[in-house]
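Worksheet: one structure, shown below.
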Amino acid sequence: MHDNLIILAGGASSRMKKQVAVANLSEEEIAQANERSKGLIGVGPNGRPLLDYLLLNAKKAGYKNCYIIIGEQGDLFKEFYGSDNSNNNFNGLTISFATQYIPEGRTKPFGTADALFQAVEQYPELNTQEYTVCNSDNLYSTEALYALRETTSPNAFISYNRDALEFPSERISRFAIAKLSKNNQLLDILEKPTAEVLESYKDAEGKLRVSMNAFKFNGALLYPYLKNCPVHPERDEKELPTVLLNALKEHPDTTLGIPFSEHVPDLTAKEDIAEVKAYLKKHYPVLNWEL
């Protein structure tokens, strides 16, 4: 088992900042959505951010060291989780920050693979350890985070049953599909699945599986592929699925898809805020850090 969780929070949050009319949000909520990183939007019953709930689930799953990757303007994270760059104590978790710097000539961050690469360059000890990586704007369950922590597979990801995700069908249809072997080893990731090929991507249980960016990595195995990750030709970013598939070419059968069938609350756009608030009010009426 490992104790390291890396949280991706340095993105530009462009979809959240889009100007849309949402009737059920207050002026304060709209202002936060436009100005804050998604994980810091106050969606909890007490106004605390979504990231609190992810960190709580991480603590319940046994993680000790949390590395939050923030952008160059990410000072607000330090107001919430500790003023030092590393080794802040937050409710029994050790919180450190890595900064994802934007390369000269670009206006926005260079993607999830670049974020992770910059983090392990800033904390090189991670390249000799194992660690979990996840988004800051998804609330992964304690059980899912624990499954990544306890697996003995060098690399792994939570392989979600697409039918259990409670999103509109049009949104789900855009999710990339994971192709798994009979032993749940990752074979391929199909980015834009068409209805015609979906049948051939079903797993041994007859389920379509998607990734919600919850991974476990072996630092030493992954590092050269992180360092040499190519830029996605359409999205102009360096992405973690690309890193994973490139590693698989030379190290087959090293990435386990851990099957899960549950919803993952997601805070991508303003339209998600009310739903996430309702979910937290129902399932987390009190933030109890005393485990």
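Assorted remarks:
- Evaluation of Val133 against (1) farther than 19 Å from Lys207 by Cβ; (2) part of a helix (DSSP H, G or I) (one fails), failing number: (2)
- Pick from the range 62-75, criterion assigned to a loop (DSSP other than H, G, I, E, B) and either among the acidic types (Asp, Glu) or without any contact (Cβ under 8 Å) to a residue 40 or more places away in the chain (or both), ranking: surrounded by the most Cβ atoms within 10 Å (Cβ to Cβ): Glu72
- From Arg162, Arg149, Arg174, residue being surrounded by 14 or more Cβ atoms within 10 Å (Cβ to Cβ), modelled with pLDDT under 95, within 30 Å of Tyr279 (Cα to Cα) and of a type in the set (Lys, Arg): Arg162
- Qualifying residue in the range 244-253 (condition: farther than 30 Å from Val22 by Cα, touching a strand residue (DSSP E or B) at 6+ places or on another chain (Cβ under 9 Å) and crowded, with 21+ Cβ neighbours inside 10 Å): yes
- Within the range 211-239, if we keep just the residues that are among the hydrophobic types (A, V, I, L, M, F, W, C) and at pLDDT 95 or above, the residue that is surrounded by the fewest Cβ atoms within 10 Å (Cβ to Cβ) turns out to be Ala220.
- Residues of the range 219-243 that are out of contact with any helix residue (DSSP H, G or I) (no Cβ under 8 Å at 6 or more places or on another chain) and either under 18 Å from Cys134 (Cβ atoms) or assigned to a helix (DSSP H, G or I) (or both): Pro224, Pro241.
- So Phe117, is it over 26 Å from Val231 (Cβ atoms), out of contact with any Pro (no Cβ under 7 Å at 6 or more places or on another chain) and touching a residue at least 12 places away in the same chain (Cβ under 8 Å): no
- So Glu125, is it crowded, with 16+ Cβ neighbours inside 10 Å and either closer than 21 Å to Leu54 by Cα or at pLDDT 95 or above (or both): no
- Inclusion of Val264 among residues that are modelled with pLDDT of 90 or more, β-branched (Val, Ile, Thr), part of a helix (DSSP H, G or I) and within 18 Å of the chain's Cα centre (by Cα) is not warranted.
- Failed item in (1) closer than 30 Å to Pro233 by Cα; (2) in contact with a Phe, Trp or Tyr (Cβ under 7 Å, 6 or more places away or on another chain); (3) in contact (Cβ under 8 Å) with a residue 12 or more places away in the chain; (4) not aliphatic (A, V, I, L, M), with Asn85 passing the rest: (1)
- Qualifying positions in the range 35-61 - in a helix (DSSP H, G or I) and not aliphatic (A, V, I, L, M): Glu35, Lys38, Gly39, Asp52, Tyr53, Asn57, Lys59, Lys60
- Filter result (more than 30 Å from Val197 (Cα to Cα) and outside any loop (DSSP other than H, G, I, E, B)) within the range 136-175: Thr142, Glu143, Leu145, Tyr146, Arg149, Glu150
The values are calculated or read from the model by the stated rules, or taken from the named source; none is laboratory data. The model shown is predicted, which means the values in this text are computed figures rather than measured ones. Every residue, glycine among them, receives a Cβ derived from its backbone with ideal geometry; neighbour counts consider all protein chains shown.
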